[in-house]
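This report concerns only the one structure given below.
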Amino acid sequence: MLIKFRSKTVAEVLMLSANAAPLLRAAGKTVADDVPERGVFTVEQLPAAIAGIEAAIKAEEAHRPAQPSEEEDDAAPVPPMAQHVELHQRAFPLLDMMRRSLQDGEDVTWESTKGW
């Protein structure tokens, strides 16, 4: 399922529900396997939500294995489409939306959608 995040401040952010669920959990929302159809981060909730996602990113980075240097790496390069997307990469658009919305005093909402 596709999740559409909205704010009056910036353009919509689209994310698959499987990718949105961990971010919503990190932001303090109670999310089981399925993301709720609709939800909101009020302006008052945004600072804690941003801090929660940032903490999750730092925790993931602390557990990430060290990357070998280019000189030490003898393996064939991995094509971009086959590379793993890290949490900080996946979270960036939502974090940006949350930060800008907080600055402008706007809520961030989400809803599930069936398509583009």
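Observations on the structure shown:
- Kyte-Doolittle mean at least -0.5 and Cα axial length at least 15 Å: DSSP H helices in the chain: 46-63
- Of all accessible heavy-atom area on the chain, the percent that carbon and sulfur account for (1.4 Å): 53 percent
- Heavy-atom accessible surface of the chain, averaged per residue, reaches 67 Å², computed with a 1.4 Å probe.
The values are calculated or read from the model by the stated rules, or taken from the named source; none is laboratory data. On a predicted model such as this, the values are computed, not experimentally measured, just so you know. Keep in mind that these areas ignore ligands, DNA and RNA; they rest on the heavy atoms of the full protein, side chains included. Shrake-Rupley method; radii C 1.70, N 1.55, O 1.52, S 1.80 Å.
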